[in-house]
Amino acid sequence: MRRILLGLCAVLTLALAVAACGGGGSSSGSTATTSSASTSTSTSTPTTSSSTSTPTTSSSSGGGEAEIKMQNIQFSPNATTVKVGQKVKWVNEDSTDHNVTAQSGADFKSKDFGKDGTFEFTPTKAGTIQYVCTLHSGMTGTLTVTG
């Protein structure tokens, strides 16, 4: 009986956490695009990954745009390497709002944006940038910028 109660409590806690992460009143017809330059460094080209908890990494030696997807309440890939001056674009593929906020190594913060919304950042120096979605704890990523 105690196991059943513990299991039920765990399921209810998870359901409440998921419900708290939803909402936000995003509109599927609106796309927020924000562009910001920073004195941070970052180099990365994203790749698509499955929705497992295994960290994903992407690296790009080319000068094209690096894309990081926001799906299943996580960044995919969650570790990306780009070159100085290479544009990085985050794309929200979830039905809930997200944002991108630098925690260290750079100074940028997007507005909250809904499905299909984007945020762009072009690093101006080499280094490591730690970023998060402030709306969803545990949604973190790393951008490594090379010279």
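A few comments on the model shown:
- Within the full protein context, the accessible area of D97 is estimated at about 20 Å² for a probe radius of 1.4 Å.
- Largest to smallest in accessible area, the residues K115, K69 fall in the order K115, K69 (1.4 Å probe, all protein chains included).
- The fraction of accessible area contributed by carbon and sulfur in the stretch 82-125 is 41 percent, rounded to a whole number (1.4 Å probe; ligands and nucleic acids excluded).
- Given +1 at the Cβ of Lys and Arg, -1 at the Cβ of Asp and Glu and no other charges, the dipole of the stretch 65-147 around its Cα centre is 280 debye to the nearest 20.
The values are calculated or read from the model by the stated rules, or taken from the named source; none is laboratory data. If you're wondering where the values come from, they're calculated on a predicted model, not measured in any experiment. Cβ: placed from backbone, ideal geometry, glycine included. Neighbour counts: every protein chain shown. Each accessible area value is taken on the protein alone, full model and side chains, heavy atoms only, with ligands, DNA and RNA left out. Shrake-Rupley method; radii C 1.70, N 1.55, O 1.52, S 1.80 Å.
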